[in-house]
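See below for the structure under consideration.
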Amino acid sequence: MVTSQRILSLLSLLESRSVWSGAELAARLGVTERTLRRDIVRLRGLGYRIDSVQGVGGGYRLASGRVLPPLVLDEEEAIAVAACLEGSDGGTLLGQAARRALGKLRKMLPTALRAKVAAVDEAVQALPSNTPALDWNLLLTLAQAGQAHRLVRFGYQRRDGQAGERTVEPGRIVTAGGCWYLLAFDRGRGDWRTFRLDRMSEVSALTFEFQPRPMPDADHALRGDDGQRWRHYAAVRFGCDVGRLTSSISASHCVVLASAADEVTVQVGADDWDVLAWYLMRVSYELDVGFEVVEWELLDPEGLVFALRRWGGRVASSLSSAGPNLEDAPAIRSEPTFGGQ
């Protein structure tokens, strides 16, 4: 390994762990400890603060300094970062910041690696989404308040339109289904709650501190004790194994209720029945399997079953006006059935 490559490999190793012993570094680089010490001196000459840690478990440590040193990424890391940045939604503030960061990353890369990253850039296209816009200042305020154990106060509009003020102990920020949520202990209600960040207003971190308390599982808290994360819910049985289904439906959109070798029942939800109906039909088509609605909300006359029938009527109407040769067209591969309540 030539000296320049070895120096970069040494720097990458130092960044990956808090402390390395001299023997470990020398073995990873395939050099003697004497050569390692010379390489450490070279890095220090380039402005990197590398401390010598004494005692048992000691060795070398890359210290954090006031000036950010050049970032060292291996090929796999650089391509992964570029793909994630390129896949961000450019219509949001965070997405715009990600695109700026990607532009800076391109300029820092070696010529050979820059060509590989450019290939990823050309292949990846992020389509505009209906993900609620997120202010990164809000994200930073909540994250810093949680880290400093400071109370947060904000105005909040619930899903039903009711608005009010909340004072919470911020816990964890969770992303699911294209939305950002704050998992926090609500002081006014004496329990853990989740709050969508795009429904918050006038957010401020207070000077009052709180004692951290045990945090519930984020996924369970997001769905709620009664599973009411979405406005509407239904149980649906698909004619395939759980592995095939979860490859098409994100875990953030369903909960597996029961599974067997050739069928799986999941709880699915959405804020709009028509959206959920279309989503289930798409999954059914992609997997080439049928599905059965086994349970739905009795109190909602415009539930999933009615939405599926509306979609079926629209499809039938479009087929009836498509032309005279429909007898030769292939049959629809799967149709929903209705059971349960």
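Summary table below
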item: Residue within the range 316-328 that is open to solvent by 70 Å² or more (accessible area, probe 1.4 Å), under 13 Å from His232 (Cα atoms) and either at pLDDT below 80 or outside any strand (DSSP E or B) (or both) present; result: no
item: Subset of the range 173-186 (residues that are open to solvent by less than 60 Å² (accessible area, probe 1.4 Å) and either within 17 Å of Pro214 (Cβ to Cβ) or assigned to a strand (DSSP E or B) (or both)); result: Ile173, Val174, Ala176, Cys179, Tyr181, Leu182, Leu183, Ala184, Phe185, Asp186
item: Counted residues, the range 11-41 - those being under 21 Å from Asp74 (Cβ atoms), out of contact with any Leu (no Cβ under 9 Å at 6 or more places or on another chain) and surrounded by 14 or more Cβ atoms within 10 Å (Cβ to Cβ); result: 1
item: Residue count, the range 10-44 (criterion: out of contact with any Lys or Arg (no Cβ under 8 Å at 6 or more places or on another chain) and closer than 22 Å to Pro110 by Cα); result: 7
item: Matching entry among Leu134, Leu127, Leu85 (being outside any loop (DSSP other than H, G, I, E, B) and at pLDDT below 75); result: Leu85
item: Candidates Arg196, Arg189, filtered to the one that is open to solvent by 30 Å² or more (accessible area, probe 1.4 Å), modelled with pLDDT under 90 and more than 19 Å from the chain's Cα centre (by Cα); result: Arg189
item: Subset tally (residues that are open to solvent by 40 Å² or more (accessible area, probe 1.4 Å) and not in a strand (DSSP E or B)) for the range 199-212; result: 3
item: Residues satisfying the stated conditions in the range 245-261, i.e. at pLDDT 75 or above and over 13 Å from Phe291 (Cβ atoms); result: Thr246, Ser247, Val255, Val256, Leu257, Ala258, Ser259, Ala260, Ala261
item: Cross-chain or 6+ apart pairs with Cβ under 7 Å, the range 1-30 first and on the phi > 0 side of the Ramachandran plot and among the small types (Gly, Ala, Ser), then open to solvent by 40 Å² or more (accessible area, probe 1.4 Å) and modelled with pLDDT under 85; result: Gly30/Met1
item: So Gln162, is it surrounded by fewer than 11 Cβ atoms within 10 Å (Cβ to Cβ) and farther than 18 Å from Ala218 by Cβ; result: yes
item: So Asp121, is it within 30 Å of Cys179 (Cβ to Cβ), modelled with pLDDT of 70 or more and open to solvent by 50 Å² or more (accessible area, probe 1.4 Å); result: no
item: Candidates Gly65, Gly57, Gly47, filtered to the one that is more than 30 Å from Arg100 (Cα to Cα), modelled with pLDDT under 75 and in a loop (DSSP other than H, G, I, E, B); result: Gly57
item: Condition met for Arg100 (within 30 Å of Met200 (Cα to Cα) and modelled with pLDDT of 75 or more); result: yes
item: Tally of residues being over 19 Å from Asp74 (Cβ atoms), open to solvent by less than 80 Å² (accessible area, probe 1.4 Å) and within 38 Å of the chain's Cα centre (by Cα) across the range 42-51; result: 3
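Listed here are the residues, each with its yes/no results for (1) part of a strand (DSSP E or B); (2) crowded, with 17+ Cβ neighbours inside 10 Å.
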residue: Tyr233; (1), (2): yes, yes
residue: Arg237; (1), (2): yes, yes
residue: Val256; (1), (2): yes, no
residue: Ala261; (1), (2): no, no
residue: Val268; (1), (2): yes, yes
residue: Trp278; (1), (2): no, no
residue: Met281; (1), (2): no, yes
residue: Tyr285; (1), (2): no, no
residue: Val293; (1), (2): yes, yes
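The values are calculated or read from the model by the stated rules, or taken from the named source; none is laboratory data. Since we're looking at a predicted model, the values are computed, not measured. Backbone-built Cβ (ideal geometry, glycine too); neighbour counts: all protein chains shown. What goes into the accessible areas is simple: the full protein's heavy atoms, side chains included, and nothing from ligands, DNA or RNA. Shrake-Rupley method; radii C 1.70, N 1.55, O 1.52, S 1.80 Å.
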